[in-house]
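Quick notes on the structure that follows.
The numbers here are math on the coordinates, done by the rules we state, and not lab data. Model, not experiment: these values are computed from the prediction. Using ideal geometry, Cβ is built from the backbone for each residue, glycine included, and neighbour counts are taken over all protein chains shown.
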Amino acid sequence: MTHVRYNLKIHFSSTCTSEMPCIKSTWQTPLGKVIGAAENNAIIGLWFDGQRYFPDEANRWENRPDDPTLKKLGIWLEAYFSGQNPDIDFPLAPCGTPFRQTIWSRLLEIPYGQTASYRALAQRAATSPRAVGGAVGHNPISILIPCHRVIAENGNLTGYAGGLERKT
């Protein structure tokens with residue numbers, strides 16, 4: 001399934017195997033160190049250092065800060081953390097179940113600078129806020145797929161796999 005938001009193209013996959021090994025790079029951001037991963041010229045993950053659900057196999061990935069896709073991600077992060085809303089001009093390929101993919105595609109519909117509640121997302125997906133929270137928490141591409149924009153119905157900040165102190 002492909003979802004398009006602005007210039008963004010995402011290919012969701014429920015099968016996450018490839019002949020090409022994953023590669024990674026790291027960056028320092030105002031919110032701490034982040035680790036980005038790419039496979040087949042697409043970003044497959046972006047995690048905060050110490051984030052829940054960070055892949056166990058990441059320690060086997062080759063560090064390749066010179067990779068063109070990872071370089072584009074680094075440029076995007078620099079622009080984003082300088083207060084811009086840059087276009088994503090590189091492919092994303094998060095892997096997850098069809099349900100998670102549905103929720104992640106809904107996250108992409110939350111406009112920059114705005115929020116949505118777990119309950120509102122759940123109503124649109126005909127499921128429970130708890131189920132939405134599980135899918136949001138397992139989003140493998142933090143920031144780019146904006147799981148940080150999801151809040152409790154009462155406006156409180158709740159749950160963030162990258163650490164609640166980073167959810168702004």
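Assorted remarks:
- Beta bridges from DSSP with both residues in the range 26-130: antiparallel share about 90 percent, rounded to the nearest 5.
- Using the Cβ-Cβ distance between Lys71 and Arg119 with R0 = 41 Å, the FRET efficiency computed as 1/(1 + (r/R0)^6) comes to roughly 0.60.
- Distant-in-sequence amide contacts of Ile151, defined by a placed amide H-H separation under 5 Å and a gap of 5 or more residues or a different chain, comprise Ala116, Ser117, Tyr118.
- Point-to-point label distance, Asp87-Thr26, nm (Cα→Cβ direction, 7 Å offset): 3.3
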